[in-house]
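K.L.:
Starting off with a structure, shown below.
The values are calculated or read from the model by the stated rules, or taken from the named source; none is laboratory data. Owing to the predicted nature of the structure, the values given are computational and were not obtained by experimental measurement. In this analysis, Cβ positions are derived from the backbone assuming ideal geometry, glycine residues included, and neighbour counts consider all displayed protein chains. Surface areas here come from the heavy atoms of the whole protein model, side chains and all, with no ligands, DNA or RNA. Shrake-Rupley method; radii C 1.70, N 1.55, O 1.52, S 1.80 Å.
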Amino acid sequence: MNALMTMSYIVEVDQQHLVQANVGSMEFIIKILADALSNPDTHQSEGFHAYEIVVGLTNLAGNGHNRKYAVAKGAIDAFVKMMKVGDENEQEVAANAVWVMTADDTKDKIRQTNGLMDVLQALKDSRTEAVRQAAERAYLKLQITQVYQKFGGSPVAPKTGKCEYKERCKRFVASLNIPDAFFDHQFDLCYCTTCHTQRGDRLYYTRGQPPKDYGLPMGWCRFALGLPPKAKVHNVFEKWHRAFHGTKKDAVVKILEGGELLMPGDVAFGGEKN
């Protein structure tokens with residue numbers, strides 16, 4: 001178990017499908033998880049915390065065989081219990097585990113799990129945003145009845161109409177008065193829970209050289225920028241790692257005009273201090 005759990009943590013996201021466990025190993029990990037959740041004081045068993053075990057199972061579910069083994073051996077029942085008795089971090093990771101393990105070949109069995117839909121529905125009203133989003137992702141994925149079709153390797157589901165959240169974001173961006181020449185709108189993308197789930201998107205991807213995992217900006221909306229010549233020369237989409245930079249709305253145009261990120265105290269294009 002130790003070797004398998006370690007492997008689940010160190011393998012990059014785009015290599016997780018290569019790690020295949022046997023049925024006995026998956027069954028043992030799920031038993032340890034059940035034992036940990038039965039210990040109300042520590043949520044630990046065999047030196048592992050329930051949170052760590054669920055993260056490991058989620059990573060192992062990148063392999064289709066592991067995913068089916070986990071569902072068949074009762075992993076979802078353990079996740080339901082964790083969402084009921086765990087703290088906010090445990091609730092989030094358990095809901096995400098349900099989301100990851102829900103696929104065309106496991107969805108029917110998962111939906112039959114006693115108490116699952118009820119606890120996800122309850123967590124959609126959690127005071128913690130990360131828990132709400134995780135529960136809503138899992139709930140929506142289980143509600144989608146049409147089988148995903150694959151185009152170019154990315155599973156997608158049919159759209160249900162305009163996304164109101166994306167429309168609100170568009171209105172906000174318009175209020176910034178950014179010249180449209182800066183944008184490349186064909187790559188705009190909404191990361192609200194509904195749009196993300198309908199696309200069948202993942203939470204993490206691997207990019208850059210050397211490869212590094214990065215998380216999608218859940219709850220945000222992407223308005224793509226046109227690629228400057230130097231970015232094309234450096235082949236940034238293939239070689240650079242993904243990162244996110246927060247800033248004030250008043251600094252956005254200055255950053256775009258200067259072509260560089262601005263830190264507090266930096267002098268922007270035109271001589272104005274940020």
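K.L.:
Please go through the range 46-60 and give me each residue that is open to solvent by 20 Å² or more (accessible area, probe 1.4 Å), over 16 Å from residue 7 (Cα atoms) and not acidic (Asp, Glu), ordered by number.
P.N.:
Selection gives 47, 49, 51.
K.L.:
Scan the range 156-198 residue by residue and report those that are touching a strand residue (DSSP E or B) at 6+ places or on another chain (Cβ under 8 Å), at pLDDT below 90 and surrounded by fewer than 16 Cβ atoms within 10 Å (Cβ to Cβ).
P.N.:
Within the range 156-198, just 156 meets the criteria.
K.L.:
Which numbered condition trips up residue 54, out of (1) at pLDDT 95 or above; (2) over 17 Å from residue 134 (Cα atoms); (3) not hydroxyl-bearing (Ser, Thr, Tyr)?
P.N.:
Failed condition: (2).
K.L.:
Now for a different question. Any chance you could count how many residues in the range 224-253 are open to solvent by less than 40 Å² (accessible area, probe 1.4 Å) and under 23 Å from residue 136 (Cβ atoms)?
P.N.:
Number of matching residues: 0.
K.L.:
All but one of (1) modelled with pLDDT under 85; (2) open to solvent by less than 30 Å² (accessible area, probe 1.4 Å); (3) in a loop (DSSP other than H, G, I, E, B) hold for residue 146; which doesn't?
P.N.:
So the condition that residue 146 fails would be (2).
K.L.:
Just give me the residues in the range 159-193 being within 22 Å of the chain's Cα centre (by Cα) and of a type in the set (S, T, N, Q), in sequence order.
P.N.:
Matches in the range 159-193: 160, 193.
Residue-by-condition table, conditions (1) free of Cβ contacts under 8 Å to residues at least 40 places away in the same chain; (2) crowded, with 20+ Cβ neighbours inside 10 Å; (3) over 16 Å from residue 5 (Cα atoms):
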| site | (1), (2), (3) |
| --- | --- |
| 44 | yes, no, no |
| 62 | no, yes, no |
| 74 | no, no, yes |
| 85 | no, no, yes |
| 96 | no, yes, yes |
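K.L.:
Report the residue count in the range 15-34 for those that are open to solvent by less than 60 Å² (accessible area, probe 1.4 Å) and either without any contact (Cβ under 8 Å) to a residue 12 or more places away in the chain or not in a loop (DSSP other than H, G, I, E, B) (or both).
P.N.:
So the count comes out to 10.
K.L.:
Continuing with the same structure: Identify all residues within the range 98-125 that are touching a Gly at 6+ places or on another chain (Cβ under 9 Å) and either surrounded by fewer than 13 Cβ atoms within 10 Å (Cβ to Cβ) or in a helix (DSSP H, G or I) (or both); write none if there are none.
P.N.:
Across the range 98-125, the qualifying residues are 100, 105.
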